[in-house]
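To start, the structure itself, in structure tokens.
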Amino acid sequence: MAVNLDDTLLRGTGLEPTSSATAAPARRGLLRAALTGAAALGAGLALDASPASAVTAAPHHRPSTPAQALRALEAGNRRWRTFRERHPDETPAVRQALTSGQHPFAVILSCVDSRVPPELVFDQGLGDLLTVRSAGEVLDEAVLGSIAFGVLELAIPLVLVLGHQSCGAVGAAVAAEESGERLPAHIQYLADEISPAIDHTKEGDARVDASIDANIRLVRSRLAAEPDLAAKVRSGELAIVGARYELTTQRVHRIS
């Protein structure tokens, strides 16, 4: 089924993201300024850059609640799987507007798998999604910091943990546990992180498939336990949702 909204998620999600009046002072201002400054510098180096006055950008619509963000992702995935993609937010006006800042509406933590690019799967464009990718959606300090940046500094109202059918990282973790052999280099780290999610009630391919779902739940619960993120969830400003992408149907559905 598609990414559906339920009453539990909808309750308390009508709050707007943190406003400038409540934003933390100097530290957050410096971070935002650094990002904006870097973007503006890059724009100035473009070979065919046009003066800012030459392009007038329409106001960019941004979902501001968890429910609105989920609806936007659901609509985009529907377009994707029915081959009606719009490839939004790629126009010259949008590109020019984004040189002065970004306002993505969702953080997508997804696998590195080349078959599951979030911007395509959800038919979103420039400035819409903050994407963080690691094999098997494994969390480390860099991944956690990137997600926290999106939520705390950019006031993003939704974090979506996106696993997928036939995940190679989960499959490798299951195979390594069953064989007892260590994986090469840093790949063993990924297997160790995924290992607690392995479903020992299943066998063969069914074990891998069930472990993919269990890993999504595990990563989501770990994120929900992060104090700063948990506070945002309690206030209704943030939802942390688990979902899975099916390669065979291109459909995204909730993992509860």
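Per-structure values
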read-out: Every residue from region 181-235 that is among the polar types (S, T, N, Q) and more than 18 Å from residue 112 (Cβ to Cβ); value: 195, 201, 221, 235
read-out: Residues (out of contact with any Lys or Arg (no Cβ under 9 Å at 6 or more places or on another chain) and without any contact (Cβ under 8 Å) to a residue 24 or more places away in the chain) located in region 78-108; value: 82, 83, 91
read-out: Listing of strands (runs of 3 or more DSSP E) fully contained in region 70-176 that carry 2 or more residues being open to solvent by 50 Å² or more (accessible area, probe 1.4 Å) and closer than 27 Å to residue 192 by Cα; value: 129-133
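The values are calculated or read from the model by the stated rules, or taken from the named source; none is laboratory data. Source: prediction; values computed, not measured. In this analysis, Cβ positions are derived from the backbone assuming ideal geometry, glycine residues included, and neighbour counts consider all displayed protein chains. Heavy atoms of the whole protein, side chains included, go into the accessibility calculation; ligands, DNA and RNA do not. Shrake-Rupley method; radii C 1.70, N 1.55, O 1.52, S 1.80 Å.
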